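Visitor: Structure incoming, see below.
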């Protein structure tokens, strides 16, 4: 078979169900091969960052690899930020970039899209991917493809595959999938035994689940483990939405001084606190109260388990969870911990809308019509989402890249067929909201709740009164109506509830609800978060 076909079949065999991309001259043969053989559906967007965000979200929500395909130089280098996001937040993204062919290299000319050397792009991606290959030899290409895709799945991190444009038509052997390396059974068993012993000796155990639980497809297994252990379960900030679709007894999301007091107290006084697949980042723990001692927590992530100073260096999360389930009997369950309260019952009056009203209205909508997956951008929309019922949730809680929400929603619906709800601010929407223009062509119809406070609201929380956080008046409703959606601009709680009801009832076109907020309107969670960050970041006073 041709090399391009071998790569496409390998992507499908390793779990890919669609491609996201933008064609360009160096990658045209690959696009043509896929169209000729109809191997994977292709979703094209307007700008490469959106391609990366959409493919990343498809990977996150689908629990499998996502694929972004771009051209050399101008295309691939536009992808650096979304690939860095996927690397930081451990998302299995495959980046395929075209590249110059051998005959072009022999000409001795500088090539369009070239920056410094022809290897500059590969060196850049070496910093933000866990594995990189260049398919310049049909004899070695099948092995390199297999190694790259295996690394992407095993580590749940992005990989980079460079395909010179004269290689796609060359004959090569099919790609043979590599079996996963065997887990060190003795070490995994010892780790599981120590963990269970710590649980038996503890007085107030709490399990915090993070993104790795979803990345490795462990949500059903961890839900069953939590049920058998009968201990309180919370999610990290970045892990918001994990276990939402499995019925796990999740108390809430840990946000330290910014979060629900009962959740924060349970985590900070836990004995022991088990961090399962949790990234130790400032967004997860930067607002932690003084009682939280991460040095005493049991940390299981990144392929290792750390009990204080006792390290198990090679512990696959999948193998450990399976071993724990073998050791905890199914009849050992105790009643689950109650879930935290979420606001319900919006007053549908003429009062101005506050961010908490948006969460309340969405909770009312989902209580009546069923849960929707939520794609969330960065800013106060992300903190507003903390008051939405525990549902499937995709956001960049750690890397915090603006512009993620809208293309992520397109990726979610393309990958799952589920209609998503988007929460996005006007700053993030200015970056990528225009991708909604592709909805009609791609058959997508997300519900977009645009929080328009005419500025970067989250930054206003940290620098109130600063003029550089102002964005001015943009009438997104008028602009988006021209792109084929149904759009409404709302300013009261009654208008918000009515617009959400219409949006839910209307299928086949994207629905945009532009919620007009005052410049000082902030969610309670963001206010607490900003206050906590300011307080905890103050330097200690020196004597004298």
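What follows is calculated from the coordinates using simple rules that are stated; it is not laboratory data. Quick caveat, the model's predicted, so the values are computed rather than measured. Virtual Cβ from ideal backbone geometry, glycine too; neighbours counted across all protein chains shown.
Visitor: Report for the chain the percent antiparallel among DSSP-assigned beta bridges with both residues inside it, nearest 5. Intermediate results must be reported in sequence, preceding the final value.
Guide: Numbers: 11 of 64 bridges.
Of the beta bridges lying entirely in the chain, close to 15 percent run antiparallel.
Visitor: Normalised by the residues of region 355-527, what does the relative contact order come to in percent, with Cα pairs under 8 Å and at least six apart?
Guide: Working: 340 pairs, mean separation 42.2, N = 173.
Reported as a whole number, the value is 24 percent.
Visitor: Counting alpha carbon pairs within less than 8 Å and at least 6 residues apart, what relative contact order, in whole percent, applies to region 1-151?
Guide: On the way: 202 pairs, mean separation 36.1, N = 151.
Computed over region 1-151, the figure is 24 percent.
Visitor: Looking at region 185-332 only, what percent of DSSP beta bridges run antiparallel? Nearest 5 please.
Guide: Values: 8 of 20 bridges.
Once the DSSP bridges in region 185-332 are tallied, antiparallel ones form about 40 percent.
Visitor: By counting other Cβ atoms within 10 Å of each Cβ, how are 177, 148 ranked from fewest to most? Intermediate values should be presented prior to the final figure.
Guide: Details: 177 13, 148 24.
Listed from fewest to most nearby Cβ atoms, that is 177, 148.
Visitor: Same structure, new question: Quick check for you: which residues of region 440-462 have the amide N under 13 Å from the point 7 Å beyond the Cα of residue 473 toward its beta carbon?
Guide: 454
Visitor: Using Cβ contacts closer than 10 Å as the measure, can you line up 60, 123, 528 from fewest to most?
Guide: Details: 60 30, 123 11, 528 18.
Sorted ascending by nearby Cβ count, the order is 123, 528, 60.
Visitor: Using Cβ contacts closer than 10 Å as the measure, can you line up 117, 246, 391 from fewest to most?
Guide: Numbers: 117 9, 246 15, 391 19.
Fewest-to-most Cβ neighbours within 10 Å comes out as 117, 246, 391.
Visitor: Let me ask you something else. Work out the FRET efficiency for residue 502 and residue 245 from their Cβ-Cβ distance, taking R0 = 41 Å, and round it to the nearest 0.05.
Guide: On the way: r = 27 Å, r/R0 = 0.65.
For R0 = 41 Å, the calculated efficiency reads 0.95.
Visitor: Per residue and in Å³, how big is the convex hull formed by the alpha-carbon atoms of the chain?
Guide: Details: hull volume 96.5 nm³, N = 544.
Hull volume normalised by residue count: 177 Å³.
Visitor: If I take every Cα pair under 8 Å that is 6 or more residues apart in the chain, average their sequence separation and divide by the length, what percent do I get for the relative contact order? Present the calculation step by step, with values, prior to reporting the outcome.
Guide: Numbers: 1190 pairs, mean separation 71.1, N = 544.
Once divided by the residue count of the chain, the mean separation gives 13 percent.
Visitor: Another question, then. How much mean residue ellipticity at 222 nm does the chain get from its helices, if each DSSP H run of length 4 or more adds -39500 (n - 2.57) and you divide by all residues, to the nearest 500 deg cm²/dmol? Walk me through the intermediate numbers first.
Guide: Numbers: 23 runs with 213 residues, N = 544.
The helix-only estimate for the chain comes to -11000 deg cm²/dmol at 222 nm.
Visitor: Be a star and scan region 492-513 for residues whose amide nitrogen sits under 16 Å from the point 7 Å along the Cα-to-Cβ vector of residue 348.
Guide: Only 492-506 fall inside the zone, counting backbone N under 16 Å.
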